[in-house]
């Protein structure tokens, strides 16, 4: 459900706040390739307009009178899947992840003050996400139960596994990590996500995994069998000398569009772990991760990229694949078995 090159991407804005509806509409229509075809003040109207106007994409507030955003997402998943970006206030952190579980593709945080410089950053992110998400397949709601993890065979060698993702990443990461056994080395994750969300995201991942998942802290020593999520709004890098590694958390600069940046994580892993690195790039918009994967390849590590058939947004994976940075291009269900296979065959240090 995507617009042709000649036609604008058709957007439905659903929000009970008149200020938000007007603001979002103005932001969206600054881009000549986008068109707001309708606005809805509640869930019932959002569903009616989704059927009548057939938008390519919806922006959705979660807190609306009557039928709320969660009910809209459930109805869409069952009746008319439409790529949906949740636009939520920061106070609804748990609500955002519930919305992603129900099939929302991505989310944006509403600035707390109306006269705020954050609106300029939000506008830039919103337009980029709409262009990326309009042609995406809406993710399926999270399954009620997870598959059994892939078993480790033999005595695998320790390896540093680094994973990067952006739009659609929370669902993809949940699927991959839940299917992994406790590995003999650490896992470090860079998911494009704003500050204030990654701690809870790590907690949610920990509930479905056979190993602890925690938010990364500066100076923390990397432990085998533990996964670390880079804090939102900052960069995570790996430092030290294999196998004695720790984390370095770096505050983002004004020039950084993505924080955490996948490229920075991958490049640091290549420097300190070299041949012991397994880098995995999942769904996401843009090209973040490509240069980092090339660095891992040059250092002798292994690289895996999610294929177009399962990636919600085949942007980051496409760029990596086209650059030759992918040793293997695999659908999402095959990523965890491939990680286990590569860890089992990890190359000894040169």
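Some notes on this structure:
- The stretch 9-29, residues that are part of a loop (DSSP other than H, G, I, E, B) and touching a helix residue (DSSP H, G or I) at 6+ places or on another chain (Cβ under 6 Å): 15
- For the stretch 117-148, residues that are at pLDDT below 90 and either in a loop (DSSP other than H, G, I, E, B) or over 15 Å from the mean Cα position of the chain (by Cα) (or both) total 22.
- Search result, residues across the stretch 324-340 that are over 21 Å from the mean Cα position of the chain (by Cα) and either surrounded by fewer than 17 Cβ atoms within 10 Å (Cβ to Cβ) or modelled with pLDDT of 95 or more (or both): 324, 327
- Set 334, 254: member being part of a helix (DSSP H, G or I) and either without any contact (Cβ under 8 Å) to a residue 12 or more places away in the chain or farther than 30 Å from residue 133 by Cβ (or both): 334
- Scanning the stretch 272-308 for residues that are in a strand (DSSP E or B) and under 14 Å from residue 188 (Cα atoms) turns up 277, 278, 279, 280, 281.
The values are calculated or read from the model by the stated rules, or taken from the named source; none is laboratory data. Everything numeric here is computed off the predicted structure, so don't read it as measured data. Cβ atoms come from the backbone with ideal geometry, glycine included; neighbour counts cover every protein chain shown.
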